[in-house]
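Structure first, then comments.
Each reported figure results from applying straightforward, stated rules to the coordinates on display, with no laboratory input. Being a predicted model, the structure only gives us computed values, none of them experimental. When we count neighbours, we look across all protein chains shown, and the Cβ atoms used for this are built from the backbone with ideal geometry, even at glycine.
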């Protein structure tokens, strides 16, 4: 099943995809369906599972000064809950933005289920994934430091495209599963500003918008916005 997965090359847990996959079968629930708005884990609950987004997407929220804020999004090929490794409880609440499927890894059972060599392979893989996620978080924190709404929205679209591309998906045409309100909360902007900025970028022929479907028409121009 793992070898037939479209995400196998970019999301495999190295060393466990043996022909029988016996160890993997004991700790991974594959192709588990999730419904729109279904909660994967809740802020403050004990950390146990990691979730590979196979199809669909998720958003994470955290309570800051008494208010729920959008902290980030998980796209196909990415691992929700990776930021909880090393913690006893979950840092965020993460829910599905749309109907999809996930592969659920029982992180708490790794040491009990795997052989020492298998455990080392999984730890190496997860360490690399956690480092990649940390770089993503660092980039996300820099978004609110950008001066203009155009810069923030352009950077957001370019980042989504880059992340999808890294997992073998189309980088120039994609669907934004999150609402304009969620994007605004994430970028620290008003929803009306996000809508107006998207229309402005479309008017300048940098992007094309059809409801939630985005086509990047001029990547160079979008990148130029980030340096002006």
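Quick one: 30, 196, fewest Cβ neighbours within 10 Å first, how do they rank?
Numbers: 30 17, 196 14.
Listing 30, 196 from fewest to most nearby Cβ atoms yields 196, 30.
So, R0 is 22 Å and r is the distance between the beta-carbons of residue 147 and residue 220; what FRET efficiency does that work out to, to 0.05? Before the final figure, lay out the partial values.
Working: r = 20 Å, r/R0 = 0.93.
It comes out at approximately 0.60.
Could you give the alpha-carbon Rg of the stretch 8-142 over 2.2 N^0.38 Å, rounded to two decimals?
It is 1.04.
Report the gain in length on full extension from residue 165 to residue 138: 0.36 nm times residue separation, minus Cα-Cα distance, nm rounded to one decimal. The partial results should precede the final answer.
Details: separation 27, 0.36 × 27 = 9.72 nm, distance 1.95 nm.
Full extension from residue 165 to residue 138 adds 7.8 nm.
Would you please put 75-84, 103-112 in order of how densely packed they are, using the mean number of other Cβ atoms within 10 angstrom per residue and starting with the highest?
On the way: 75-84: 22.3, 103-112: 16.2.
Taking the mean over residues of other Cβ atoms within 10 Å, the ranking is 75-84, 103-112.
Report the far tail of the P(r) of the stretch 74-173, meaning the percent of Cα-Cα pairs longer than 18 Å. Mind showing how you got there, number by number?
Values: 2996 of 4950 pairs.
When every Cα pair of the stretch 74-173 is considered, 61 percent fall beyond 18 Å.
How big is the Cα convex hull of the chain in projection, averaged over all directions, in nm²? Walk me through the numbers on the way to the answer.
Details: hull surface 51.4 nm².
About 12.8 nm², averaged over all directions.
Starting from the Cα of residue 109, step 7 Å along the direction of its Cβ; do the same at residue 213; then give the gap between the two resulting points in nm.
For the pair residue 109/residue 213, the computed spacing is 4.1 nm.
What residue among 150, 192, 98 shows peak mean-square fluctuation when the chain is described by a Gaussian network model with Cα springs under 10 Å?
Sorting by GNM fluctuation, first place goes to 192.
Hey, in the GNM for the chain with a 10 angstrom Cα cutoff, which one of 56, 86, 100 fluctuates hardest?
Sorting by GNM fluctuation, first place goes to 86.
With a/c under 1.5 counting as rounded, go ahead and sort the stretch 35-98 into rounded, prolate or oblate using the C-alpha gyration tensor (a ≥ b ≥ c being the square roots of the eigenvalues; past the cut-off, prolate if a/b is larger than b/c, else oblate). Let's see the in-between values first.
On the way: a/c = 1.87, a/b = 1.21, b/c = 1.54.
Judged from the Cα gyration tensor, the stretch 35-98 comes out oblate (a/c at least 1.5, b/c at or above a/b).
Rounded to two decimals, what is the ratio between the C-alpha radius of gyration of the stretch 144-225 and 2.2 N^0.38 Å?
Details: Rg = 11.7 Å, N = 82, 2.2 N^0.38 = 11.7 Å.
Relative to the 2.2 N^0.38 Å estimate, the stretch 144-225 comes out at 1.00.
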